[in-house]
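First up is the structure itself, then whatever we jot down about it.
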Amino acid sequence: MSDYFLGLDCSTQSLTGIIVDSSSIIYKVSINFDKELPQYNTTNGIIILENEKVVHSFPLMWVEALELIFDKISNHISIENIKAISGSGQQHGTVYLNNKFEHALQALNPKDAIINQLKGCFSRQTSPIWMDSSTTRQCEEIRKSLGGLKETIKITGSNTFERFSGPQIRKFYQENPEGYLQTSIIHLVSSYMATILLGKNAPIDHGDGAGMNLMNIQTKQWDNRALNATAPNLREKLPPLRDSYNIIGKISPYFIKKFGFDPDMILVAWSGDNPNSLIGVGLIDKGKVAISLGTSDTYFGYMKKLHLDLSGEGHVFGAPTGDYMSLICYKNGSLAREKIKEKFNLNWDKFSELLKRSPPGNNGKVILPYFFPEIVPLVLEPKVYRFGLNENDIEGNVRGIIEAQFLSMRLHSQWISEKPQDIYATGGGSVNNDILQVAADIFQTPIRQFNITDSAALGAAFRSLKSYYDFIKKGKNWNIIVSKFLNSQSTIEITPKLKNRDLYDEMVILYKKCEDYILRNGEDPEFMRKQFVEKYFSS
Ligand code: XUL
């Protein structure tokens, strides 16, 4: 009888589960929120409230998906063989619960669905998520009271960002002081899902905790200055902070009775999707970075020694190994690629064909693709800017969006001192070799593509396995765990084309000039763009 380990990922658009044994993936299953829970009326897993800056989702929907996924898992494998569960959540999103919550959790009756029994337990019915960009005022207030940009970064690991939990909590406190008063506990998506499984309040881990502007990045404790700058009595409304590998307890009787879990199965702290992905693609060493092409595009790397981005664009989070990770995050990821695909009525095959057919450098056509408010660089009012590119030029727009995404990553990741020898690609978009070829050429670095693209769920499964073996004192080190799995996966290496090196070295400068012009009152880039066209495309 094999021991199984489950990793769950509660992401923006779906809940995914991956079950592994000690060396291979046994089963994978996913619940798409829009399709399988249509009663919540979400689009891509989200709802837009007053305006496009206010982006929320439903904490009860995530729990309903959890019950659905356990149903599916129990139809496929012997659920009592699962020895440990850990999980991953979209980062920064906050869940607000009142004083009825813990009691209701402990009294859950397996004869009824959880959602019916927790309905009265939310002091806020919806949860602001990472796509929300409505807290600029609160960001400024918190930054100011922490002593400005550099101090804020030194204390919390990041500048204040609209989507981060602290500014979101402050906004709730300011706009609905009564609701805030009635809030007994505030969870992240990750710690909330762990709480549901545990049957009592679970801790927040150092990986996800670092995305709140509330945790001190040096001491990994709640920071008094940040708490005070955010909202009154906040410390008593937050769960404790713990290491990501912490065993938080056993699964609650509700799930044992309803789905047949082993009562001795252990639960490991949940973390954010990016820290989980770090492990899921095997980044436990220096010199490696990953790009994740999903609802958000992210670029991240493992970091042994704390190194902060004092310019304020990047973040430092805790890594599941207990070390650190660097990250930059884009909102104009897969949804922006889809905007172009839909505008021209393409499917992905056609999109790829056009990408392959168009020349690197795009004949000097540049797009700044802010279809949605952007995080890096900060753009609050979405607008798409085109240079030398007609809105209706299909090929130019297809290549334009992909080049823009990786030129921007190359430009804004320069603070990360680790220079990658290899880039690991993950996330739904990473199945597309033609997209990855553009990335390889722009970074002039080989890109490794895995056949498992759900690295957050896989990372959570690895974390549950690792903590379980540590618990039964058969400790396996990270290297053994990740190499066993990742070496058994078929990976494809996409090699950069050297002939495109000089072109992209220059194009990244041109791209910056376009950004400077639009966002920082810089000089008109037209002269430079024409020189670029002249040099590479006049024949
Ligand atoms: C990271 C971020 C996103 C979310 C969504 O800072 O905001 O990557 O975690 O998955």
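Points to keep in mind about this one:
- The 3J(HN,Hα) values that the Karplus relation (6.51, -1.76, 1.60; θ = phi - 60°) gives for the stretch 96-106 are, in residue order, 10, 10, 9, 6, 8, 4, 4, 5, 4, 5, 6 Hz. Gly and Pro appear as x.
- Pairwise FRET efficiency - Asn390 versus Asn521, Cβ, R0 = 25 Å, nearest 0.05: 0.45
- Counting beta carbons within 10 Å around each of His315, His103, His412, His92 and listing the fewest first gives the order His103, His412, His92, His315.
- The stretch 506-539 and the stretch 378-400 have their alpha-carbon centroids 14 Å apart.
- With Cα atoms, 0 to 90° folded angle of helix 501-519 axis to the chain main axis: 80
- Out-of-range pairs (alpha-carbon distance over 25 Å; input Lys35/Lys341; Lys250/Lys288; Lys304/Lys419; Lys339/Lys512): Lys250/Lys288
- Residue-by-residue Karplus 3J(HN,Hα) for the stretch 13-19, coefficients 6.51, -1.76, 1.60, Hz, glycine and proline x: 9, 7, 10, 10, x, 10, 10
- Sorting Glu102, Glu403, Glu534, Glu162 by the number of Cβ atoms found within 10 Å of their own Cβ, with the fewest placed first, yields Glu534, Glu102, Glu162, Glu403.
- With both labels modelled 7 Å from their Cα along Cα-to-Cβ, the Asn479 to Asn116 distance reads 5.4 nm.
- q = 0.14, 0.17, 0.24 Å⁻¹, the stretch 433-505: log10 I(q)/I(0) [Debye, one scatterer per Cα]: -0.60, -0.73, -1.01
- The H on the amide N of Lys288, modeled in the peptide plane, is under 5 Å from the matching H of Tyr302, each at least 5 residues off or on a different chain.
- Cα-based radius of gyration of the stretch 4-275 once divided by 2.2 N^0.38 Å, which approximates compact folds: 0.98
- Fewest-first ordering of Lys484, Lys365, Lys288 by other beta carbons within 10 Å of each residue's beta carbon gives Lys484, Lys288, Lys365.
- Relative contact order (percent, whole number), the chain, Cα cutoff 8 Å, 6+ residue spacing: 15
- Placed amide H near Ala210: partners under 5 Å, 5+ positions off or other chain: Gly318
- Computed [θ] at 222 nm, helices only, for the chain once each DSSP H run of length n ≥ 4 contributes -39500 (n - 2.57): -11500 deg cm²/dmol
- For the stretch 389-535, the mean projected area of the C-alpha convex hull, equal to one quarter of the hull surface, is 11.6 nm².
- Between the stretch 306-332 and the stretch 93-126, the Cα center-to-center distance that results, in Å: 33
- Given charges at beta-carbon only (K, R positive; D, E negative), |dipole| of the chain in Debye: 760
- Derived scalar couplings ³J(HN,Hα) [the stretch 67-83; Karplus, 6.51 cos²θ - 1.76 cosθ + 1.60; whole Hz; x for Gly, Pro]: 5, 4, 5, 5, 4, 5, 4, 5, 7, 10, 9, 7, 5, 6, 7, 6, 9
- Cα centroid separation - the stretch 31-69 against the stretch 442-495, whole Å: 29
- The C-alpha atoms of the stretch 91-172 occupy a region whose extents along the principal axes are 53, 21, 18 Å, arranged from largest to smallest.
- Anisotropy class of the stretch 26-128 from Cα gyration tensor, a/c 1.5 cut: oblate
- Helix 433-443 and the longest principal axis of the Cα set of the chain meet at an angle near 70°.
- For the chain, the longest principal axis of the C-alpha atoms and the axis of helix 165-175 are separated by about 80°.
- Here the chain yields Rg over Rh of 0.96, to two decimals, using C-alpha coordinates and the Kirkwood radius.
We did not get these values from a lab; they are worked out from the coordinates using the rules stated. Please read these numbers as outputs of a predicted model, since none were measured by experiment. Every residue, glycine among them, receives a Cβ derived from its backbone with ideal geometry; neighbour counts consider all protein chains shown.
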